[in-house]
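Bear in mind that the values in this text are calculations on the coordinates, not laboratory data. The shown structure was predicted, so the numbers you read here are calculated from the model rather than taken from an experiment. Counting neighbours? That spans all protein chains shown, and the Cβs are built from the backbone with ideal geometry, glycine included.
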Amino acid sequence: MTPTLKITQLCKRFGGIVVADAIDLEIHSGDILGLIGPNGAGKSTLFNLISGVYPSDSGEVCLMGQRLNGQSITSRAQSGISRTWQHMRLFQSLSVLDNLVVASRFYEAESLVTLFFQSAKIKKLQEEKAERALQILQRMELKHLCDWAIGDLTFGQQKLMGLARALMNEGQLLLLDEPMAGVEGQSYDMMKEVVRQEARGGRAICVVEHNISFVKDLCSSAVFMFAGKILERGRVEDLLASKTLEALYFGAQTDGTAAVEDTL
């Protein structure tokens with residue numbers, strides 16, 4: 001079976017710091033793969049390389065067998081890569097509903113030519129996207145807030161909105177970058193259930209998360225990253241039982257690598 005995502009010998013350095021060191025990785029449809037490791041390990045940087053925020057120095061990124069090297073972040077999103085961000089990047093000037101509509105995989109209203117000459121078609125498509133957005137909001141129990149400003153939502157609701165925006169892409173690959181940071185209670189349970197449902201529906205999902213309980217509950221397998229490398233991969237329970245990885249995870253000191261990743 002062709003993997004949804006296949007990364008081969010992916011490398012990236014910033015100056016003298018190697019942030020991705022010959023990384024090989026595969027994720028298949030229905031997988032929920034955990035990506036764990038200490039701050040500065042290169043986890044978010046790997047997401048940035050997959051989604052096209054940064055070009056790789058060498059290696060390949062393939063989605064459903066299609067090589068994505070050289071494609072922009074927009075092209076990769078349109079190919080089917082969607083993601084959340086540590087800092088949610090929601091549009092504060094837009095309503096909850098409009099934040100989802102503009103996050104669609106193809107947003108035709110971006111083209112002034114299309115908007116001017118095919119206004120009737122655009123209107124119909126926008127109505128369809130709004131209906132899709134309302135379905136996602138209903139699923140996350142946020143539909144009653146569709147006209148609210150983003151700033152009026154609780155932090156947990158804004159994190160759910162980050163996931164909702166990613167779901168509007170409807171692509172094959174979903175990258176979740178610390179989705180549970182600062183989330184608790186009802187929003188925590190909702191986030192976990194929606195991620196499970198997406199995997200059952202066939203999406204390939206990769207999660208960067210420091211909340212180990214969340215990783216254990218959701219991920220059948222995980223990889224452990226340290227200093228830009230994948231050191232181990234396997235069942236979550238086995239990785240967490242490793243004394244070597246425990247020492248690296250909880251004993252790693254913040255160094256220059258971590259400082260670099262914080263800016264990426």
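Once you treat every alpha carbon in the range 1-72 as an equal point and sum by Debye, what is log10 I(q)/I(0) at q = 0.16, 0.19, 0.20, 0.25 Å⁻¹?
Once normalised to I(0) and log-transformed, intensities are -0.54, -0.76, -0.84, -1.25.
Residue by residue through the range 216-230, which ³J(HN,Hα) values in whole Hz follow from phi under the Karplus form 6.51 cos²θ - 1.76 cosθ + 1.60 (θ = phi - 60°), with glycine and proline marked x?
5, 5, 9, 9, 6, 8, 8, 10, 10, 9, 8, 6, x, 10, 8
Note down the magnitude of the dipole of the chain about its Cα centre, charges +1 on Lys and Arg C-beta and -1 on Asp and Glu C-beta and zero elsewhere, to the nearest 20 debye. Working shown, then result.
On the way: 27 positive and 31 negative charges, 123 e Å.
Roughly 600 debye, rounded to the nearest 20.
Could you give me the ³J(HN,Hα) list for the range 237-249, computed from phi with Karplus coefficients 6.51, -1.76, 1.60 and θ = phi - 60°, whole Hz, x at Gly and Pro?
4, 5, 5, 6, 7, 6, 5, 5, 5, 4, 5, 5, 5
Round to the nearest 10 and give me the degree value, 0 to 90, for the angle of helix 119-139's Cα axis relative to the longest principal axis of the chain.
50 degrees
Which three lengths, in whole Å and largest first, does the range 149-210 cover when its Cα atoms are put on their principal axes?
Between the extreme Cα coordinates on each principal axis of the range 149-210 lie 32, 25, 17 Å.
In what sequence, highest mean first, do 92-102, 64-74 appear when ranked by Cβ atoms within 10 angstrom?
Working: 92-102: 17.7, 64-74: 13.2.
By packing density, highest mean first, the sequence is 92-102, 64-74.
Per-residue counts of other Cβ atoms within 10 Å, averaged by peptide: what ranking do you get for 217-225, 43-51, 131-139, highest first? Walk me through the intermediate numbers first.
On the way: 217-225: 20.6, 43-51: 23.3, 131-139: 16.6.
Listed from highest to lowest mean packing, they are 43-51, 217-225, 131-139.
Going by Cα centres, the range 1-64 and the range 171-217 are how many Å apart?
18 Å
For the chain, find the longest principal axis of its Cα atoms and tell me its angle to the long axis of helix 155-167, 0 to 90°, nearest 10.
The helix 155-167 is inclined about 80 degrees to the chain.
Would you mind ranking Glu141, Glu232, Glu209 so that the residue whose beta carbon has the fewest other beta carbons within 10 Å leads the list?
Glu141, Glu232, Glu209
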